[in-house]
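Let me begin by presenting the structure, written as structure tokens, before commenting on it.
The values are calculated or read from the model by the stated rules, or taken from the named source; none is laboratory data. If you're wondering where the values come from, they're calculated on a predicted model, not measured in any experiment. Note that each Cβ is placed from the backbone with ideal geometry, even for glycine, and that neighbours are counted across all protein chains shown. Each accessible area value is taken on the protein alone, full model and side chains, heavy atoms only, with ligands, DNA and RNA left out. Shrake-Rupley method; radii C 1.70, N 1.55, O 1.52, S 1.80 Å.
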There are 2 protein chains.
Amino acid sequence: MPEGVALARDLVGPAMEAAIVRLTPEVRKVAAYHLGFADAMGNPTRSRSGKALRPALALLSARAAGTPPERGVTAAVAVEMVHNWSLLHDDIMDGDTERRHRPTAWTVFGVGAAILAGDALLALAQELLLESEAPQGAWAARCLSAAVTRLITGQGNDLAFEKRDDVTLAECLDMAGDKTAALMACACSIGAVHLGAPPALAMGLAGFGAHVGLAFQLTDDLLGIWGAPEVTGKPVRADLRSRKKSLPIVAALSSGLPEGAELRALLTSPDPLTEQDLVRAADLVVAAGGRQWAENEADAQLAAANASLAEIDIPTDVRAELTAIAEFITARQW
Amino acid sequence: MPEGVALARDLVGPAMEAAIVRLTPEVRKVAAYHLGFADAMGNPTRSRSGKALRPALALLSARAAGTPPERGVTAAVAVEMVHNWSLLHDDIMDGDTERRHRPTAWTVFGVGAAILAGDALLALAQELLLESEAPQGAWAARCLSAAVTRLITGQGNDLAFEKRDDVTLAECLDMAGDKTAALMACACSIGAVHLGAPPALAMGLAGFGAHVGLAFQLTDDLLGIWGAPEVTGKPVRADLRSRKKSLPIVAALSSGLPEGAELRALLTSPDPLTEQDLVRAADLVVAAGGRQWAENEADAQLAAANASLAEIDIPTDVRAELTAIAEFITARQW
């Protein structure tokens, strides 16, 4: 694990825990459970609250602006709260019952309590930024607000795509840009924005984050088919089983090749998919070029991320750590 | 109806409609339905989107700062969006199936779509303020953010109180302060804040709004028992039927009088309440002093609202219109 991630856990975890003390006890209980600070009864736990990738990127963003990472903590907390608002609400919308090897908050506390806890994290994120130093606090709030709007657009399209059979690859890439890359771009730039860094620096960092975000989503989608269960925590070929319109799958479906047509027939069939069907479907994604396209596209996005980084003047160690995180989250473990 | 309310509908309605065009079509459809701009199929309708009280107050707040009401439109839109975020989410949490004589959004589009539409209105409200002129936009965003946090606290406590039989009157008043009065206080001051008015003016307006908000909630709770169905759109004694812990009811329960104890026995009985039980329960609220207490408290809050207003220097016509709205929304129609 890159060192920036461990530092983020040490610095940002306690700050998150301190921030949610502001929430009224009923709401705090749900947020604390979701974030892994407490069990369902409210007793403190040591379970990890996710990968802390976005906080790590936000701290590096502050360091890119020439300050110690401690100065980036508020921005990192705000980004991580927005990320967790989206997880709390998406889990309800998607009907997901498990996250990070624990029952999702809505299954434990009810839909209403989970909606409210999500709302609370979103509001708290903005409040923390807006009460920090002016005018940088407002700039950071606006940066975060723009990412929130894109997350909502992405989730709206994701829900809409589930009902459609004619989703194009361009639409899916746009959706990934909204749903995953926008918040990564925000994480990579908000620390600098919050410290009043020059626009060119913030833009370069945001560009890096947007490309890394897409590379990350492509990798995640590849893992969703070929990832080792011990890495993903899900059975192999999980995204085929759930007939998800992930990027390699849509690339295969829209290849114009006979294998793409066969894949479509398989995935739109009303019958349940057997293990043999799933193996065949994965082979068809390969044969129709979906896997190769996704691997190439992930490589291209990673290269574009590094090109964005090359254009800005930041400390050598920060550059190295940003690159290390980008490589870490786009590693193909299968 | 006070003239400020009609003006708000004319000015703020179109601005709301224009703002939601920014939302992605899937999300916009739900927001437009909820706001009364469209039917469930997305066809334009002329149904009214609520009472426009908060927008009217926000426009008056801008006029209190010496500007034409048009300058208050952005702040009014932001407040009304936050109000509608809370309605969209509260309807899910409370399981309410009807609002403004139409099926609630979640019953039409599903829980997920309604969560997302609420999120979108909350995010859009902040975005509109943050992209307006600095630093006033950030001040207004912070004013709104504080109100959102209190709304969430109030809703969290409201949900918690449903599971408790020992809720005190002080707790209920605090809850009404969070759930109703905080956004009214914000509506009454945000227009001025957004135009950079002096803090003393903004504070006076917020104080007026907080007291009016409590008077409004007390009146609404009285209407929930004795209101004429043609005014409230609900059957008479609706709050007793649903065993809601409204302010006059909790005042009666905590009176220490034998009638309060009888009321508690009636409302906590596992049996369904007959019409005769409901008539008896309403009589018990009166006999235990709950109605008188609520009427006195509403009068006291209205007096305190006017006292707040008397302390600030604002145009005579604005003062008269604020007072007219306060009287309009606290009128006892039964």
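Structure values in brief
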| read-out | value |
| --- | --- |
| Residue mean of other protein chain beta carbons inside 10 Å, A:93-101 | 1 |
| Among B:Thr67, B:Thr104, B:Thr274: highest mean-square fluctuation, GNM of chain B, C-alpha pairs under 10 Å | B:Thr274 |
| Within chain A, helix-based [θ] at 222 nm, where runs of 4 or more DSSP H residues each add -39,500 (n - 2.57), nearest 500 | -22500 deg cm²/dmol |
| Given A:Lys51/A:Lys179; A:Lys163/B:Lys51; A:Lys234/B:Lys29; A:Lys29/A:Lys244; A:Lys51/B:Lys163; A:Lys245/B:Lys29, the pairs whose alpha carbons are separated by over 28 Å | A:Lys163/B:Lys51; A:Lys234/B:Lys29; A:Lys29/A:Lys244; A:Lys51/B:Lys163 |
| Extreme residue, positive dipole direction of chain B, given options B:Ala287, B:Leu144, B:Leu121 (C-beta unit charges) | B:Leu121 |
| Label spacing, shortest first and in nm, from B:Pro25 to its equivalents in the remaining copies (7 angstrom along Cα→Cβ) | 4.9 |
| Max mean-square fluctuation residue, GNM over chain A, Cα-Cα springs under 10 Å, options A:Ser145, A:Ser242, A:Ser61 | A:Ser242 |
| Computed E for B:Ala15/A:Ala228 - FRET, C-beta separation, R0 30 angstrom, nearest 0.05 | 0.05 |
| Using a 7 Å Cα-to-Cβ projection, A:Asp96 label spacings across copies, nm, ascending | 3.1 |
| For the protein assembly as shown, fraction of C-alpha pairs farther apart than 50 Å, in % | 16 |
| Largest to smallest principal axis extent of the C-alpha atoms in the stretch B:1-45, angstrom | 36, 19, 12 |
| B:Ala38 long-range amide H proximity, modeled H, under 5 Å | B:Tyr33, B:Thr45 |
| Chain B - percent of accessible surface contributed by carbon and sulfur, probe 1.4 Å | 55 |
| Accessible area in square angstrom per residue, chain B, 1.4 angstrom probe | 40 |
| Nitroxide proxy distance, nm - points 7 Å out along Cα→Cβ at A:Asp165 and B:Gln276 | 6.2 |
| Cβ charges +1 (Lys, Arg) and -1 (Asp, Glu), total dipole of chain B, debye | 520 |
| Amide H within-cut-off set for B:Arg99, under 5 Å, with H built and near neighbours excluded | B:Thr104 |
| Cα-based convex hull, the stretch A:90-130, per residue volume (Å³, whole number) | 71 |
| Convex hull projection area averaged over all views, the stretch B:179-260, Cα basis, nm² | 7.0 |
| Peptides B:291-301, B:86-96 ordered by average Cβ neighbours within 10 Å, highest first | B:86-96, B:291-301 |
| For peptides B:201-212, A:166-177, A:187-198, B:260-271, sequence by mean Cβ density within 10 Å, most packed first | A:187-198, B:201-212, A:166-177, B:260-271 |
| Between the stretch A:302-323 and the stretch B:101-145, the alpha-carbon center distance in angstrom | 35 |
| Charged-residue dipole, Cβ positions (Lys, Arg, Asp, Glu), the protein assembly as shown about Cα centre, Debye nearest 20 | 60 |
| Computed over the stretch B:3-329, the ratio Rg/Rh where both radii use C-alpha atoms and Rh is Kirkwood | 0.98 |
| Using a Förster distance of 45 Å, the FRET efficiency for B:Arg243-A:Arg71 (Cβ separation, nearest 0.05) | 0.30 |
| Intensity falloff of the stretch B:212-253 expressed as log10 I(q)/I(0), Debye formula with alpha-carbon point scatterers, at q = 0.15, 0.17 Å⁻¹ | -0.32, -0.41 |
| Cα principal axis extents for the stretch B:2-127, largest first, Å | 44, 28, 28 |
| Size descriptor, Kirkwood hydrodynamic radius, that averages inverse alpha-carbon separations across the stretch B:129-186, Å | 12.4 |
| Residue closest to axis [chain B; rotation mapping onto A; Cβ; Å] | B:Ala138, 2 |
| Inter-chain Cβ neighbour average for residues A:146-154, partner chain, 10 Å | 5 |
| Taking all pairs of distinct alpha-carbon atoms in the stretch A:229-334, Kirkwood radius in angstrom | 15.8 |
| In the A-B interface, the accessible area buried, summed over both sides, Å² (probe 1.4 Å) | 2800 |
| 7 Å along Cα→Cβ, label-point gaps from A:Gly196 to other copies, nm, shortest first | 1.9 |
